[in-house]
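The values are calculated or read from the model by the stated rules, or taken from the named source; none is laboratory data. Remember, predicted model here, so these are calculated numbers, not experimental data. We place every Cβ from the backbone using ideal geometry, glycine too, and count neighbours over all the protein chains shown. With ligands, DNA and RNA removed, areas are computed over all heavy atoms of the protein, side chains included. Shrake-Rupley method; radii C 1.70, N 1.55, O 1.52, S 1.80 Å.
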Amino acid sequence: MTDPNFTLNTGKTIPAVGFGCAFGNWTDDTEMQGFRPELAWHGVTEALKAGYQHLDTAHCYGTERHVGDIVGRALSEGQVQREDLFITTKLAHPAAPPHVAISHRLTWNWGSVPDIQQRVMDDFEASKEKLGMGYVDLLLMHWPGDFVNKDKGFAREARLAIWEVFESLVKRGDAHAIGVCNFTADHIEDLISAGRTVPAVNQFELHPYCQDPELEAYCQSHDILVEAYAPFASGAYGILKDPVISEIAQQTGRSTGQVILRWQLQCGRVVLPKSSNPQRMAQNLQLFDFELDDAQIAKINALSPKEAKRSTVDPATIP
Ligand SMILES: NC(=O)c1ccc[n+]([C@@H]2O[C@H](COP(=O)([O-])OP(=O)(O)OC[C@H]3O[C@@H](n4cnc5c(N)ncnc54)[C@H](OP(=O)(O)O)[C@@H]3O)[C@@H](O)[C@H]2O)c1
C-alpha cells in the first residue's frame, strides 16, 4: 500500500491515518479515568504541524472546541485549507460508569431523553458550533445503544431514529458521510435490512490483541470501510513491547508502533493513533515507505487471543 488514502462508498477519499483526538486515561485504574481535553491544546497543535490532515474527535471527548480553535488558527494563517482536512466527529455516546470522568452533559442513555432525534440534532448543532465549521467530513454514531438497557427492540428503534437524523444531515450537506462505531454485524443489519443508507465506515477497537475477521469480512462485503480505533490498545497490555512485533520491528528497522500501524493499513483499515509526543506523531505518519511481507502479517494475525483484550466495552453486549 503506497496510497495514503482510502475511498469511501460515497466516492470521497479519506486519509488512511487519522489523528486520535481523545486525550485521557481509561485503561489504568490506578490513575484518574476519563477525558483530559486540556491535553488537546498541545496535541492537536503538534499534530497539524506534523502534517495530519485527518482528525478524529467526538462530542463526548470534549475536544471539538480545541480542534475548532486550532484548525481555525491554521486556516486563518493560511497553513491549511478546509478542503484538505478530513474532520470526523461522533454523537450519541451513552452514559459511562460514575467513576469515569466524562461529562453527563455530553453523554446520555437512549431511554433517558424525552426525544432522541431532537437530542441528536441539538448535539450536532453544538458540535458544529464548537468546531466552527459548516460541515463535517464524517459523522459517526458513537455506540449502537447504551450500556444498561438490554431491550433489543428498543435499541433497534433508537438506532434507526438516530440514523434518520444522520441521513437528514447528509441531505442538508452538514455531513459529507455518515457511519457507525462499535457496531456488530447484527447492529448494521438493523440499518441495512430496513433499506437505510449503508454506513460509510464502521469504527471499532482493532489491534493485534483484539481482532474480528468475521466483522471485517462482513463490512468488506457491504463496502463499509473499517477504521481501527485504539490501534495500540490505548497503550495497555504491553502491546508495544510484544516479542513478535518487536522481532518484526527489528527486521524492518521500524518501531513497534509503526509495525502495528503498517499491519493495519495492509489489512485495509484506516488507523487512528493518538500521541501527545511530536516524535511519535511523526513516526505514526511514516508508514508508506516500507512493507510487511505475508509471513509477518500472518504472525501478527496469529497474536489474536481467544478472548479479545479490550480497552472499551464489548459491543456484542449491546442488544
Ligand atoms: N469510537 C470509539 O468508541 C473510540 C474509542 C476509543 C478510541 N477511539 C479513537 O481512537 C483514538 C486512539 O485510541 P486511544 O487514544 O485509546 O489509544 P491508542 O492510539 O491505541 O494508544 C495511545 C497510546 O499509545 C502511545 N503511542 C502512540 N504512538 C506510539 C508509538 N509510535 N510508539 C509507542 N507508543 C505510542 C501513546 O503515548 P504518547 O501519547 O505518550 O505517545 C498512548 O499511550 C482515540 O484518540 C479516538 O480518536 C474511538
task = Restrict the check to the range 232-249 and report whether at least one residue is modelled with pLDDT under 95, closer than 19 Å to LEU285 by Cβ and not acidic (Asp, Glu).
result = yes
task = For residues that are aromatic (Phe, Trp, Tyr), in a loop (DSSP other than H, G, I, E, B) and open to solvent by 30 Å² or more (accessible area, probe 1.4 Å), tally how many sit in the range 1-30.
result = 1
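Working only within the range 177-199, note down all residues that are within 19 Å of PRO319 (Cβ to Cβ), within 16 Å of the ligand (Cβ to nearest atom) and either in contact with a Lys or Arg (Cβ under 7 Å, 6 or more places away or on another chain) or of a type in the set (Asp, Glu) (or both).
Those that are within 19 Å of PRO319 (Cβ to Cβ), within 16 Å of the ligand (Cβ to nearest atom) and either in contact with a Lys or Arg (Cβ under 7 Å, 6 or more places away or on another chain) or of a type in the set (Asp, Glu) (or both): CYS181, HIS187.
Is one or more of the residues making up the range 72-83 under 19 Å from ALA126 (Cβ atoms) and either away from the ligand (no atom under 15 Å from the Cβ) or crowded, with 22+ Cβ neighbours inside 10 Å (or both)?
Of the range 72-83, the ones under 19 Å from ALA126 (Cβ atoms) are 72.
Applying the additional criterion that residues be either away from the ligand (no atom under 15 Å from the Cβ) or crowded, with 22+ Cβ neighbours inside 10 Å (or both) yields 72.
Yes, the conditions are met somewhere in the range 72-83.
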ask   = Residues of the range 31-46 being in a loop (DSSP other than H, G, I, E, B), surrounded by fewer than 17 Cβ atoms within 10 Å (Cβ to Cβ) and in contact (Cβ under 8 Å) with a residue 40 or more places away in the chain, which ones?
value = MET32
task = Could you check GLN264 against (1) within 14 Å of the ligand (Cβ to nearest atom); (2) of a type outside the set (Gly, Ala, Ser); (3) open to solvent by 60 Å² or more (accessible area, probe 1.4 Å); (4) over 30 Å from ASN149 (Cα atoms) and say which number it fails?
result = (3)
request  = Check the range 293-300 and report whether any residue there is in contact (Cβ under 8 Å) with a residue 12 or more places away in the chain, open to solvent by 50 Å² or more (accessible area, probe 1.4 Å) and within 22 Å of VAL17 (Cα to Cα).
outcome  = no
message = Whether any residue in the range 201-217 is within 11 Å of the ligand (Cβ to nearest atom), under 18 Å from the mean Cα position of the chain (by Cα) and open to solvent by 40 Å² or more (accessible area, probe 1.4 Å) is what I want to check.
response = no
ask   = Taking the condition in a loop (DSSP other than H, G, I, E, B) and β-branched (Val, Ile, Thr), does VAL148 pass?
value = yes
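Tally the residues that are closer than 17 Å to GLN203 by Cα and either free of Cβ contacts under 8 Å to residues at least 60 places away in the same chain or more than 10 Å from the ligand (Cβ to nearest atom) (or both), restricting the search to the range 232-259.
Total meeting the criteria: 1.
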task = Only residues in the range 101-121 that are among the small types (Gly, Ala, Ser) count as the first member; pair them with residues that are in a helix (DSSP H, G or I) and open to solvent by 60 Å² or more (accessible area, probe 1.4 Å), Cβ under 8 angstrom, at least 6 apart or cross-chain, and list the lot.
result = GLY111/PHE154
key: Residues (over 24 Å from VAL120 (Cβ atoms) and crowded, with 22+ Cβ neighbours inside 10 Å) located in the range 47-69   = ALA47, TYR52
key: Failed item, numbered, when LYS150 is tested on (1) under 30 Å from LEU48 (Cα atoms); (2) open to solvent by 40 Å² or more (accessible area, probe 1.4 Å)   = (1)
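I'm trying to understand the selection: among the residues of the range 231-255, which are surrounded by 21 or more Cβ atoms within 10 Å (Cβ to Cβ) and more than 11 Å from TYR209 (Cα to Cα)?
Scanning the range 231-255 gives SER234, ILE245, ILE248.
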